[in-house]
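Have a look at the structure below before the remarks.
The values are calculated or read from the model by the stated rules, or taken from the named source; none is laboratory data. Here the structure is a predicted model, which is why all the values come from computation and not from measurement. As a convention, Cβ positions derive from the backbone with ideal geometry for all residues, glycine included, and neighbour counts pool all protein chains shown.
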Amino acid sequence: MSCGINVDRLLRLVFAVGCGIAGTGGALSVNLLGLDPSFPLRYLVFILIVVTVGGSGSIWGTLSAALLLGSAMSSASIICLRRVPSPFLPSPP
């Protein structure tokens, strides 16, 4: 207990709320992204690039790196007339 706050209880509560938010986000994004056995591997490289460029200790750096990478991928796919495959969009028939 610190300053009248039960730290252990607070940590458990914050962890539970974080798990709930992550689970809800995953459940809501399944319709957009699809779910298959290779699902985590498809996005893992992009997540690692974003965290590496933005820095693991800075949320603003990671957000700006995600925007930069997303903009670069979108621009490249528009310029190259969809010759650059995007893992976030379904492949054309």
Report, by residue number, each residue of the range 26-51 that is among the small types (Gly, Ala, Ser), exposed (fewer than 10 other Cβ atoms within 10 Å of the Cβ) and within 15 Å of the chain's Cα centre (by Cα). 27
May I ask you to verify whether residue 42 is modelled with pLDDT of 85 or more, part of a helix (DSSP H, G or I), of a type in the set (Lys, Arg) and out of contact with any strand residue (DSSP E or B) (no Cβ under 8 Å at 6 or more places or on another chain)? no
Under 6 Å between Cβ atoms, which residue pairs at least 6 apart in sequence (or on different chains) link something in the range 43-66 that is outside the structural domain of residue 30 (by TED's automatic domain parsing) with a partner that is surrounded by fewer than 15 Cβ atoms within 10 Å (Cβ to Cβ) and among the small types (Gly, Ala, Ser)? 61/55
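For the range 13-39, which residues satisfy the criterion of being of a type outside the set (A, V, I, L, M, F, W, C) and either assigned to a helix (DSSP H, G or I) or at pLDDT 90 or above (or both)? Steps first, answer last, please.
Restricting attention to the range 13-39, the residues satisfying the condition of being of a type outside the set (A, V, I, L, M, F, W, C) are 18, 20, 23-26, 29, 31, 34, 36-38.
Across the range 13-39, the qualifying residues are 18, 20, 23, 24, 25, 26, 29, 31.
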